[in-house]
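Trainee: The structure under discussion is supplied below as structure tokens; questions concerning it will follow.
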Amino acid sequence: MTSIRQRFAGEGFRHYIDSMKYAFYPMRRPLDGFWDLVHEKRGSLAAANTIVVLFILVQILFLTQTAFLYININMEAFSSVFVVIVNVVPMVLFAVANWCLTTLFDGKGRITDIYMGYAYAMVPQILIRVILIPLSHILTYDELMIAYMLFNIGEIWHYILILCAVKQIHDYSFGKAVITTLLSLFAMGIMVFIFLMFFAVVSDGIAYFYSLGQEIMFRIRRG
């Protein structure tokens, strides 16, 4: 039993290492890369989670260690938790929204596949930020356009990879991938709006019952 457990643990660890090494392939050959990522099981949720964690760590370093000429934030108001929320919530919302929509349009991907595709599409952002952190301390003010250009390249690269991931995961044409991606973004907005409305109603309800309880306790004490 022990040997079997060790064998499976070893295979799982090797697959994790291979899926981490594979993270650089979709950014170079996105169509083949994202197809094999899901349909050939070249990726893994463990590797996707690792990429997300790496992105968050690099993003925190990017916001705090980049030269102030390039990016200047108020460190007293900075919150790592906020960085996690801002980056993880949109990814989860996109995975849910895209999965809900693509089930209506004959999509072949699962919600975990969409999540993995989104995570693997973050690799260029990680690499660009790692380059920009030391580079921002070398460039002069007149040369900062180079840093801005690199940053924009990383962002555009990321969005193109997401589009390719949607296309290959669901086996869509480019036109259908663009439409479902845009609809997913629209659905994300609706989901956020519904959540904010629900949060506002709950907050108002809690405030009403709290004030009602305070009024009752006040009248009891007076009585």
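The values are calculated or read from the model by the stated rules, or taken from the named source; none is laboratory data. The structure displayed is predicted, hence computed values, not measured ones. Glycine also receives a Cβ, built like all others from the backbone with ideal geometry; neighbour counts cover every protein chain displayed.
Trainee: When the stretch 128-145 is examined, which residues are found to be in contact (Cβ under 8 Å) with a residue 60 or more places away in the chain and either out of contact with any helix residue (DSSP H, G or I) (no Cβ under 7 Å at 6 or more places or on another chain) or exposed (fewer than 14 other Cβ atoms within 10 Å of the Cβ) (or both)?
Mentor: The answer is 137, 141, 144.
Trainee: For the structure I just gave you, tell me whether residue 204 is exposed (fewer than 10 other Cβ atoms within 10 Å of the Cβ), in a helix (DSSP H, G or I), of a type in the set (Asp, Glu) and at pLDDT below 85.
Mentor: For residue 204, the condition - exposed (fewer than 10 other Cβ atoms within 10 Å of the Cβ), in a helix (DSSP H, G or I), of a type in the set (Asp, Glu) and at pLDDT below 85 - is not met.
Trainee: Tally up the residues in the stretch 61-93 that are farther than 24 Å from residue 51 by Cα and surrounded by fewer than 13 Cβ atoms within 10 Å (Cβ to Cβ), please.
Mentor: 7
Residue-by-condition table, conditions (1) in contact with a helix residue (DSSP H, G or I) (Cβ under 8 Å, 6 or more places away or on another chain); (2) closer than 18 Å to residue 164 by Cβ; (3) without any contact (Cβ under 8 Å) to a residue 12 or more places away in the chain:
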| position | (1), (2), (3) |
| --- | --- |
| 28 | no, yes, yes |
| 49 | yes, no, no |
| 52 | yes, no, no |
| 61 | yes, no, no |
| 64 | no, no, no |
| 92 | yes, no, no |
| 96 | yes, no, no |
| 109 | yes, yes, no |
| 115 | yes, yes, no |
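Trainee: Condition test on residue 87, is it under 14 Å from residue 114 (Cα atoms), polar (S, T, N, Q) and in a helix (DSSP H, G or I)?
Mentor: Considered against the rule, which asks whether it is under 14 Å from residue 114 (Cα atoms), polar (S, T, N, Q) and in a helix (DSSP H, G or I), residue 87 comes out as no.
Trainee: Let me confirm something: among 142, 106, which residue is at positive phi and at pLDDT below 90?
Mentor: 106
Trainee: Are any residues in the stretch 100-114 under 15 Å from the mean Cα position of the chain (by Cα), surrounded by 20 or more Cβ atoms within 10 Å (Cβ to Cβ) and under 19 Å from residue 191 (Cα atoms), and if so, which ones?
Mentor: 114
Trainee: Go through the stretch 24-73 and give me each residue that's at pLDDT below 90, of a type in the set (S, T, N, Q) and part of a helix (DSSP H, G or I).
Mentor: 64, 65
Trainee: I want to confirm something. Restricting to the stretch 82-104 and keeping residues that are touching a Leu at 6+ places or on another chain (Cβ under 9 Å) and of a type outside the set (S, T, N, Q), which single residue is farthest from residue 57 (Cα to Cα)?
Mentor: Only one residue tops the list, namely 101.
Trainee: Do you know which of the residues in the stretch 147-175 that are assigned to a helix (DSSP H, G or I) and out of contact with any helix residue (DSSP H, G or I) (no Cβ under 8 Å at 6 or more places or on another chain) is nearest to residue 86 (Cα to Cα)?
Mentor: This residue is 159.
Trainee: Where residues in the stretch 158-178 are among the aromatic types (Phe, Trp, Tyr) and surrounded by fewer than 19 Cβ atoms within 10 Å (Cβ to Cβ), which of them is farthest from residue 62 (Cα to Cα)?
Mentor: Filtering the stretch 158-178 for residues that are among the aromatic types (Phe, Trp, Tyr) and surrounded by fewer than 19 Cβ atoms within 10 Å (Cβ to Cβ), the one farthest from residue 62 (Cα to Cα) comes out as 174.
Trainee: Additional query: Give me the pairs: first residue in the stretch 180-200 and closer than 29 Å to residue 164 by Cα and in a helix (DSSP H, G or I), second residue modelled with pLDDT of 90 or more and small (Gly, Ala, Ser), beta-carbon distance under 6 Å, and six or more apart or on different chains, which are they?
Mentor: What qualifies is 184/97; 187/97; 188/97.
Trainee: Looking only at the stretch 108-146, count how many residues are assigned to a helix (DSSP H, G or I) and among the small types (Gly, Ala, Ser).
Mentor: Number satisfying all stated conditions: 2.
Trainee: Quick one: is residue 123 farther than 24 Å from residue 35 by Cβ and either under 21 Å from the mean Cα position of the chain (by Cα) or surrounded by 14 or more Cβ atoms within 10 Å (Cβ to Cβ) (or both)?
Mentor: no
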